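Structure first, commentary second.
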């Protein structure tokens, strides 16, 4: 077990280092930040002074060395645009994204699993077909287009919900959240649905496929034969057995929702991390871009690591085979 | 099932969705201020927000005419000395009085601001001394003769010396050697309304990065009661969602609605306000041998021939571009700043004449034309890439084959500054509101020492013009400077050193009944929005 953990940890570390190099070189290639940041009225000597102050006059390897040196001490650089530590700026935005991702996840699980089971139990029924048809739409319609359509219908035509922004926030566990006020909640609904639709479709399809498989298993037949109520069969025997892969997916998708809610955040002007990334890319705020991507890598690598560990705990076969291999 | 559930939920929440703001104004901005410190980042996005809270000694009105602000009057004592009379009875948001000490402190703080992406020192570096003759008289001494001084200090916001913890005695020293400043608060401190104290019509109430900025009325404002009880400014960076926010009633007014959405907004009975801006969209060409990306000329640079440049200019149908691509929200340009701003000569727009253009090309030795790359940003100016494509098609008709190389602004500016394009399209907004601004930046000979020609990435050089321009830039008398600038501008345009295309028009959309006096500098300022009667 220890060997397995150490090996997995080593792999994660390697992934982080490789990403650091890729991200840094990639960001370096997309243009000179000073050209974007500085006022057009500035003179050549102002430009030279700013370039020097930001350390952009040094060769790439030297800049990377400084970055790595600071990064291992927990300093991911100072934002060019805001003049404050990049990590602080990103973490400031984390609660908004976290809230959005959690609500979206709850929506996609809360609706996705029951709908998936329904479709799995009655695959040929009209309801089953409709659900599957709907999930294809959820998959294939582009995210930003769904978002615009939601705004058009619910904000512009019907006027029920606001078109964007975060609304009123209150403090909850030391974070600013919007789900505790009516105004905040009304701002949260549309972006959460937008972010949830794709995941929901994924969960519906996964649940349906699993349900169809499980329904044919002997123990389900046996439970039925024993005369258990249909409800008990579904809630206990089927649900429990289909949840393992669903939970795996949920873990992974939470990571990607946190990191890549960019489209939704942009369409709904939601002040989260994704929108910060887009703004930073437009302004070539290198420290923020690099810090954001590194944080993202860390989140995803960590979640993967944890999921793998949990897997090995749940399924002894993985543990054994890894130990041998 | 899903929809019924949703509509129920939505119906329940409808009441909470639209906060009714008594006397409130909500504005959707296309970009967000990076800081609440008015001396941190010289960026129009920041400036337009700060101008509601902080004021300056002079003010520029909607056509950039310089007028009194916190200074009621001023005079040029000699070529390098200015005496400003400060307005009496002006209060800061915290109730303290505005005096000469605040002025000195504000100018002293500029070089002390750390980590500024684009510092305001370009406006204060030339000041060699500031003396307070009494509490309401300040004398500035400048290093060189600078007729633009009153216009330039419109950019130096006056902050409160008391709120920022200055000592009782603040004395000026050049290049950041002031005394008595105390511990100078840095930009992040300005998120706190106790620090962000100005004299403007609105007080900072709260600033949530990425989300909204809330201002409230300052009832003791010296120039009458401000119109709005509360002003909310929300950054909505994508065009579609910004328009949607207006349509949905989330905001009362937005800046820069996309041109293609304007007919729809009009249909929905929103009010559209537009005005000519000080931003010129131009083509700049490389005026040196060895220009890259030109083919079919045996290695020569045809753009060094004025005939070729003239041919390019008259091959472009500016009317068509303004009408069809800019939807009428642009005006064909004959010079670098729209008349009647200072230094403009009223020069006619180059007439569209493709036949003559072909003749000129033949005379210059290029009867079959040539091929070159036109660089353009695709997300910086209104419909920029489409305009560049149209220019390319028009030039193709006279035999010049253009490959349009469009890239995102951050890439484009880096590549342009690295001289990667033989010809490029870009824009310039004259911050000072007079012709010296575009001439100095775009066509003066590039010189690292003197800071001339900073954005002259075509490396155009006309020593005669440089001379006239330098003379103009040290002439205090407005009429004489006007004449010299006209002369300099005409010299460049007669030489086709740069090709003006059009002046952008800035557009705002708002709820019916609201009014806004549009500004040439493209700023969206809450103080200029008037409520429905």
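Just so it is clear, none of the values below were taken in a lab; they were calculated from the coordinates. These figures come from a predicted structure and were not determined experimentally. Neighbour counts run over all protein chains shown; Cβ positions are idealised from the backbone, glycine included.
With a simple spin-label model that places each label point 7 Å from the Cα along the Cα-to-Cβ direction, the separation between residue A:22 and residue B:483 comes to 6.7 nm. Here the peptides A:195-207, B:134-146 are ranked by packing, the mean other Cβ count within 10 Å, and the order with the highest first is A:195-207, B:134-146. What shape does chain B have by the C-alpha gyration tensor, where a ≥ b ≥ c are the square roots of the eigenvalues, rounded means a/c under 1.5, and otherwise prolate means a/b greater than b/c and oblate the rest? It is oblate, given that a/c is not under 1.5 and a/b is not larger than b/c. Computed over chain B, relative contact order equals 18 percent, with contacts defined as Cα pairs under 8 Å that lie 6+ residues apart. Report the paramagnetic label zone for residue B:304: residues of segment B:420-446 whose backbone N is under 20 Å from a point 7 Å from Cα along the Cα-to-Cβ axis. Label zone hits: B:420-424, B:443-446. Taking label points 7 Å from Cα along the Cα-to-Cβ direction, residue A:217 and residue A:235 give a separation of 1.9 nm.
Once the Cα-Cα distance is subtracted from the 0.36 nm per residue extended length, the residue A:278 to residue A:225 segment shows a gain of 13.3 nm. Please compute, over every Cα-Cα pair in segment B:235-295, the percentage with a separation greater than 14 angstrom. In whole percent, the share of Cα-Cα pairs in segment B:235-295 beyond 14 Å is 67. Assuming R0 = 41 Å, what is the FRET efficiency of residue A:3 and residue A:175, from their Cβ-Cβ distance, to the nearest 0.05? Rounded to the nearest 0.05, the efficiency is 0.60. Determine, from the Cβ-Cβ distance of residue A:252 and residue B:264 and an R0 of 56 Å, the FRET efficiency 1/(1 + (r/R0)^6), rounded to the nearest 0.05. The computed FRET efficiency comes out at 0.85.
Helical runs (DSSP H, four residues minimum) scored at -39500 (n - 2.57) apiece and divided by the length of chain B put the mean residue ellipticity at 222 nm at -7000 deg cm²/dmol.
What whole-number distance in Å separates the alpha-carbon centres of segment B:426-455 and segment B:29-73? Result: 21 Å between the Cα centres. Once you have the Kirkwood Rh of the protein assembly as shown from its Cα pairs, apply Stokes-Einstein at 10 °C and 1.306 mPa s and quote D in µm²/s. Roughly 53 µm²/s, to the nearest whole number. Per residue, the average separation of C-alpha pairs within less than 8 Å and at least 6 apart gives chain A a relative contact order of 28 percent.
Comparing Cα centroids, segment B:260-298 and segment A:94-157 end up 41 angstrom apart.
The slack between residue B:459 and residue B:271, meaning 0.36 nm per residue of separation minus the straight C-alpha distance, is 63.3 nm. Taking a virtual spin label 7 Å from the Cα of residue A:11 along the C-beta vector, which residues in segment A:286-309 bring their backbone nitrogen under 14 Å of it? What the label zone holds, given the 14 Å backbone N cut-off, is A:301-309. Within segment B:77-126, the proportion of C-alpha pairs whose separation exceeds 15 Å stands at 62%.
Here the Gaussian network model covers chain A, with springs between Cα atoms less than 10 Å apart; of A:72, A:233, A:309, A:72 fluctuates the most. Look at A:237, A:187 and count the other Cβ atoms within 10 Å of each Cβ; fewest to most, that gives A:237, A:187.
Classified by the C-alpha gyration tensor, chain A has an oblate form. Its axis ratio a/c, with a ≥ b ≥ c, is 1.5 or above, and a/b does not exceed b/c.
Rounded to whole Å, the principal axis extents of the Cα atoms in segment B:254-402 read 57, 31, 27, largest first.
Once the Kirkwood radius over Cα pairs is known for segment A:153-238, the Stokes-Einstein relation at 10 °C and 1.306 mPa s delivers a diffusion coefficient of 96 µm²/s.
Given R₀ = 60 Å, FRET efficiency for residue A:61-residue B:88 by Cβ-Cβ distance, to 0.05? That pair, residue A:61 with residue B:88, gives E of 0.50. Of the Cα atoms belonging to segment B:184-258, the radius of gyration and Dmax stand at 14.7, 44 Å. For B:218, A:305, the sequence from fewest to most other C-beta atoms within 10 Å is A:305, B:218. For the modelled label position 7 Å from the Cα of residue A:122 along Cα-to-Cβ, which residues of segment A:215-240 have backbone nitrogen atoms closer than 14 Å? From segment A:215-240, the list is A:231.
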